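Structure record follows, encoded as structure tokens.
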Amino acid sequence: MWNKGHMGRKARAGGAALLVLSAAPALAERPISAIDWLSDPLETPVVLPPVSGTGGMADEPGIAPTAASDEIIVTSLDAPNLDAVGLLPGSVTGLPRDLWRASSSRDLIRLIHNLPNRNLPAIQGLIHTLLLAETDPPEDSTGDGRLFLARIDRLLDDGALEQAQAMLAQAGNPTPEVFRRLFDTALLTGTEDTVCKLLRSRPDLAPGYGARIFCLARGGDWQAAVLTLGTARALGIVSPAEDALLARFLDPHLFEGEPPLPPPARVTPLVFRMHAAIAEHLPTAPLPLAFAHADLGPNSGWKARIEAAERLARNGAIGESRLFGIYGEHQPAASGGVWDRVAVVQELDAALHGADKAAVATRLPPAWAAMRKAGLEVPFARHYGARLAGLGLEGTAGALAFRIGLLSPQYEEIAAAASASATGDDAFLAALARGAPPPPRNTGPGGALEQAIRRGFGETALPAQQVLLLQNGELGRVLLTIPALIRSGAAGDLGDLAGGLALLRHLGLEDIARQTALQVLLLQQET
């Protein structure tokens, strides 16, 4: 076991002579991605003849005569193990370095791939902390980075592109699988110039010929890009749909007046960016969450930026300050839907800035209702909860401010200030926020939920399977099972809820346990 309570408190706080159009040959067991929108590397590398004008000759020494390549794997003895790469040191997470050591890589990867989606914000924060932690690799790690790639893929699936990008940058000299993720992440965050520069010097990293053509064009070598596409056609490695998109991307003027391309059957970041480049933008709303980042840039309309920020904030992929910063950029020029939501939040914000208690009391209920409808209660509470609690509102507005405050990082201080006067359900919530929930007051469904939470903070026995894993030293594996327990518990299996909370507390994650319990109660209530 490690220092209990530590984690929760800390965690808050050019054309080349040789054009290779695909990644290096696949290893016998290529890491399988859990997400289906990454660029697809070709299984067999295609080596194109030199481009005219680059100074190379087809029979020049050093150029492979065929597309075949020997399956020779070279591993540097002093190369870092990718599975040990992380962003958050133990001094921040409170996690021990041997978090993964006793577990098999296969078990950890399976658990990461199967982590539930749409978690409570407290549990989502725990997941991201585990994925970003600096740790020793599992004992069976071969250094190929399988666990590292599984962690990256989960971050990408959650839309946490900035965190994934920072992790990938820590990987050093990239492998084709690492570069594949670097490339796609850069395309969605608008930072592709850096990875294209790397690809122009390391064409063997290219995740498919489309990436190579794209980067040649981005570097200004349009002739090499066009010739590369022509050679790919001659070799029969470009589909009609890919050919049409690449051709328009390279020379859109040739297709002026023609109807738009049909919607692509599968959208990768490269397909998405090339459609945008030819002014045939694809909407991000039906696409995986990571694509929403493309709408956060200044070239997107305000409505698109708001909707993208809401999707990402709802999943913990961006901070609440960024969301509410976008909310405040302009005054709504229309009504209905997102505009009504922005308007009521702006009105509340203005009242808070003016310290007008009467105006805040009037504007808080509609703003909170709008946030609840959008599933943004916790980002709203994190942004406004402490300020609302500090106003000393009374009556209905005061009771609402209290509950909103319990969803903020300052929940414990807010509960302590109100505990003397709290009654009824609020007394249970205040005690829970301080770690000592009293017996529930009612026997209905709400009382059963409160009783399960109280058991989780009492003497509930830990789940037997997790006890065995802990005895085997598999702490990381146990932590990866907690999200599924909490998800099951929040859906109605109160035994799982009690067990999940008990595990969090036993492992020293008191802060996360309290936030989780408060969110289970407050996010399913109409306040």
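Summary of computed values
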read-out: Ordering of 239-247, 449-457, 301-309 by packing [mean C-beta count within 10 Å, highest first]; value: 449-457, 301-309, 239-247
read-out: Proportion of all alpha-carbon pairs of region 122-189 beyond 13 Å (%); value: 64
read-out: Low-density loop positions, GluC sites (Glu not before Pro), region 112-203 - DSSP coil, at most 12 other Cβ in 10 Å; value: Glu139
read-out: Positive minus negative residues near Leu432 (Lys, Arg vs Asp, Glu; Cβ under 9 Å); value: +2
read-out: Span from the region 184-212 Cα centroid across to the region 324-350 one, whole angstrom; value: 38
read-out: Spatial separation of Cα centroids for region 491-525 and region 352-428, in angstrom; value: 21
read-out: Rg(Cα) / (2.2 N^0.38 Å) computed for region 230-305, rounded to two decimals; value: 1.22
read-out: Derived scalar couplings ³J(HN,Hα) [region 414-431; Karplus, 6.51 cos²θ - 1.76 cosθ + 1.60; whole Hz; x for Gly, Pro]; value: 5, 5, 5, 5, 9, 5, 5, 9, 6, 10, x, 4, 5, 5, 4, 5, 5, 5
read-out: Largest-first ellipsoid semi-axes for region 441-526, taking √(5λ) over the Cα gyration tensor eigenvalues, angstrom; value: 23, 12, 11
read-out: Region 325-411 pair-distance distribution - Cα-Cα, 10 Å bins, rounded %; value: 19, 54, 26, 2
read-out: More than 23 angstrom apart: percent of Cα pairs within region 78-172; value: 16
read-out: Largest-first principal axis extents of the Cα set of region 86-141 (Å); value: 32, 27, 14
read-out: Cα-based equivalent ellipsoid of region 213-370: semi-axis lengths in Å, sorted from largest, via gyration tensor; value: 45, 14, 13
read-out: Residues whose placed amide H lies under 5 Å from that of Leu88, excluding near-sequence neighbours; value: Ala133, Glu134
read-out: Extension gain from Trp302 to Asp136, taking 0.36 nm per residue of separation minus the Cα-Cα distance; value: 55.4 nm
read-out: Region 204-271: trypsin sites (Lys or Arg not before Pro) in DSSP loop, at most 13 other beta carbons within 10 Å; value: Arg266
read-out: Difference of contour (0.36 nm per residue) and Cα-Cα distance, Asn173 to Asn472; value: 104.1 nm
read-out: Kirkwood Rh in Å, taken over region 376-517 so that all alpha-carbon pairs contribute; value: 15.9
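Readers should treat all values here as calculations from the given coordinates under stated rules, not as data from a laboratory. Source: prediction; values computed, not measured. Here Cβ is always computed from backbone atoms with ideal geometry, including for glycine, and neighbour counts include all displayed protein chains.
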